[in-house]
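The values are calculated or read from the model by the stated rules, or taken from the named source; none is laboratory data. Nothing here was measured: the structure is a model prediction, and the numbers come from that model. Please note: Cβ atoms are built from the backbone with ideal geometry, for glycine as well, and neighbour counts cover all protein chains shown. Just so you know, the surface numbers come from the protein's heavy atoms only, side chains and all, with ligands and any DNA or RNA stripped out. Shrake-Rupley method; radii C 1.70, N 1.55, O 1.52, S 1.80 Å.
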Amino acid sequence: MQKSIFFVALVLCAFYFSAATKVRAQDSLLRQLEIVNVLQRPPQFVDKKQSSRLKSLQLLAENSGIAFTSDTLFRSDDDGLSWRELAVPRTFHEKIATVSFRDENQGFVVLAAVGAGRFAIAVTSDGGQSWSRHMIAVRQSDAAESQFDDASLSIGRDGALLLALKLQSSSNFDRRAFYRSDDDGQNWLFQSAE
């Protein structure tokens, strides 16, 4: 009886170690493939706290439009049946504050470096395939008081870019600082604060 219990225990141990070795071998193979897969992609920083909250949608033409979160800009050219991510040139600490497109091709993305108190603008003239960047020089007091996730960018009738930054205030008031660019975001002038 003891020999049969010993034999059964021995078989169970052999089965357990065999299964564990197979799982480790499969895991090792998958890890090797993952490393190869990662090495084939360009290096990128991943923000573990990516937002899935849609901030806004904008219709660009009859069948195209954009949508964005604080981390990602998407574009659809088939009535929203499919969406693709546009690679906005932003640093690890920058968030998308607001987006506005003049037409299907010319668009502007305001980026906010939350911890650093800086703003930049990414500009495209080919629908988001390529971008250029410019810093937005704001007054120090506006940078210190700005609510970085709450900005708006509009395009005036004369083509000027109009940026409104929401500033901290008590719950009874809505304070904003206004800036204007007449050269598609290359230079900005402070207009007023309310």
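Which of the residues spanning region 102-112 are open to solvent by less than 10 Å² (accessible area, probe 1.4 Å) and in contact (Cβ under 8 Å) with a residue 24 or more places away in the chain?
GLY107, PHE108, VAL109, VAL110, ALA112
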TODO: Working only within region 145-194, note down all residues that are within 13 Å of VAL110 (Cβ to Cβ) and basic (Lys, Arg).
DONE: LYS166
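If you take the residues in region 113-128 that are touching a helix residue (DSSP H, G or I) at 6+ places or on another chain (Cβ under 8 Å) and either open to solvent by less than 10 Å² (accessible area, probe 1.4 Å) or not in a strand (DSSP E or B) (or both), which one is modelled with the lowest pLDDT?
From region 113-128, those touching a helix residue (DSSP H, G or I) at 6+ places or on another chain (Cβ under 8 Å) are 117-119; that's our starting set.
Now restrict to residues that are either open to solvent by less than 10 Å² (accessible area, probe 1.4 Å) or not in a strand (DSSP E or B) (or both): 117, 119.
Working: GLY117: 81, PHE119: 93.
Across region 113-128, the extreme among qualifying residues is GLY117.
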TODO: Filter region 156-175 down to the residues that are open to solvent by less than 30 Å² (accessible area, probe 1.4 Å) and closer than 13 Å to ALA144 by Cα, then identify the one that is farthest from the chain's Cα centre (by Cα).
DONE: LEU167
TODO: Tell me which residues, restricted to region 129-150, are open to solvent by 80 Å² or more (accessible area, probe 1.4 Å), within 26 Å of LEU54 (Cβ to Cβ) and not in a strand (DSSP E or B).
DONE: GLN129
TODO: Among the residues of region 167-194, write down those that are touching a residue at least 12 places away in the same chain (Cβ under 8 Å) and touching a helix residue (DSSP H, G or I) at 6+ places or on another chain (Cβ under 9 Å).
DONE: LEU167, GLN168, ARG175, ALA177, TYR179, PHE190, ALA193
TODO: Filter region 72-85 for residues that are in a strand (DSSP E or B) and either open to solvent by less than 10 Å² (accessible area, probe 1.4 Å) or aromatic (Phe, Trp, Tyr) (or both) and give the result.
DONE: LEU73, PHE74, SER76
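Quick check on ARG90: is it in a strand (DSSP E or B), on the phi < 0 side of the Ramachandran plot and of a type in the set (D, E, K, R)?
When the stated conditions are applied, ARG90 does not pass them.
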Task: Residue check for ASN63: outside any loop (DSSP other than H, G, I, E, B), modelled with pLDDT under 95, over 24 Å from LEU162 (Cβ atoms) and open to solvent by less than 100 Å² (accessible area, probe 1.4 Å) - done: no
